[in-house]
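Okay, structure first, notes after.
The values are calculated or read from the model by the stated rules, or taken from the named source; none is laboratory data. Just so it is clear, the structure is predicted and the values come from calculations on it, not from any experiment. Cβ atoms come from the backbone with ideal geometry, glycine included; neighbour counts cover every protein chain shown. For accessibility, only protein heavy atoms count, side chains too; no ligands or nucleic acids. Shrake-Rupley method; radii C 1.70, N 1.55, O 1.52, S 1.80 Å.
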Amino acid sequence: MKPARLTTVRLEKSADIMRLRDVTSALTSVLRFGTFEKTRTVTAVVEMGRNAIEHAKRGRASFSLTEVQGRQALGVTVVDQGHGIASEPLSDRKGAFLTGGVGPGLGLGLRGVQRIAEQFAIETGSEGTRIETAFLGAEPLLGSPELVAEATNALAGLNASDPAAALSEQNRALMESIADRDLLMKELHHRTGNNLSLIVALIRMSKNEAALDETKQVLAELETRVASLTKAHELMQRAATAGTVPAAELLQEVARNAERAFNTEDRQVEIRVECAPTDLDGRLAVDIGLIVGELITNAYKHAFVGREDGVITVRLTSKGHEGLDLVVFDNGVGLPADAERPERSNSLGWKLIRTLTFTHNGMLTVDGKSGLHVHISLSPSDYGTA
């Protein structure tokens, strides 16, 4: 018979022993344990729970309906993350064994559990201990789906009689799930950041080794885009409030990445960033970083033809309840009167700028009379400020 899992009790404080005792009592009643068998089983399970709390600080006890020698039994598995138990021989009873072990030994409590349980096995080591037991009642009760349903109803009745304990158990289960999720998310973000940094490094290496100027130009543009994503991701992980990014630091890093990617011995362009302390929503920060990176790239490509230097200015201004303004302009050649409007260009860069601006319900305007001046206005709902 495959074990049918019933419930789990978390073991962290002395009050949890009361819950453990009540659950064991309810389930032994369902399995028609006699008074003697019921008392012995409750005593054994409580002893395992106390050990988990006292020696390992925390653990959990899982209950199941299982089968031992063709008879229905109550399975109880107690797991903790303590320092383990010393390795020592157990009795010759069938199913009893101990592996690993680093602690002070079983002690009288667990030896008593071993004598009471029909099956008793321990797996232990420096990372924790797992005790698997099974208990038989006096009657050879046969297993059936109805028995599982009866056990489920008994647990539901126990929760109804003590709603505070049930709610506390649910809250702790929820907090444990949240903690596990947060740990996984931290690991995911850490790996993502490392991968993005590696990609930027590979792009720079390829750019330095490229022979054709056109190839170097394409790789420099790609480097700026990926570096903007990398910095936004890094800042989001460092932000004191989850999901927000300090705008000034983000824009400064985008500017420095662009200077490293595009400045050469023949052309030195200065990028100035003007930004008051402003925290941006994570998604908006990534998109603004990409927009600014594309506009800087365009300026390097078109604004300073035939010149050895130039200035690009990036200005981000919060207008409180009226919105947020992003302005990127240069002191370059500007646009000829008959030139195609860049905001209508089918180039990848301008398509990206238009799409990201539209995503945040922004308005885009371009003026090319004295250098190129790009203004993007965002509504207040599109950002957060500190």
Worksheet item: Any idea which of (1) closer than 19 Å to Glu253 by Cβ; (2) touching a helix residue (DSSP H, G or I) at 6+ places or on another chain (Cβ under 7 Å) is the one Ile376 doesn't satisfy?
Response: (1)
Item to complete: Determine whether Ala239 is surrounded by 15 or more Cβ atoms within 10 Å (Cβ to Cβ), modelled with pLDDT of 75 or more and not aromatic (Phe, Trp, Tyr).
Response: no
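Determine which member of the set Ala285, Ala232 is open to solvent by less than 30 Å² (accessible area, probe 1.4 Å), at pLDDT below 80 and either small (Gly, Ala, Ser) or under 17 Å from Val200 (Cα atoms) (or both). First the steps, then the outcome.
Numbers: Ala285 fails: at pLDDT below 80.
Result: Ala232 is the single residue among Ala285, Ala232 that is open to solvent by less than 30 Å² (accessible area, probe 1.4 Å), at pLDDT below 80 and either small (Gly, Ala, Ser) or under 17 Å from Val200 (Cα atoms) (or both).
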Discussion item. Condition (residue is among the charged types (D, E, K, R) and without any contact (Cβ under 8 Å) to a residue 24 or more places away in the chain) applied to region 321-333: is it met by at least one residue?
Written reply: no
Worksheet item: Across region 318-372, which residue is most open to solvent (accessible area, probe 1.4 Å) among those that are of a type in the set (Ser, Thr, Tyr) and under 38 Å from the mean Cα position of the chain (by Cα)?
Response: Thr355
Worksheet item: For region 288-314, how many residues meet the condition of being open to solvent by 30 Å² or more (accessible area, probe 1.4 Å) and part of a loop (DSSP other than H, G, I, E, B)?
Response: 4
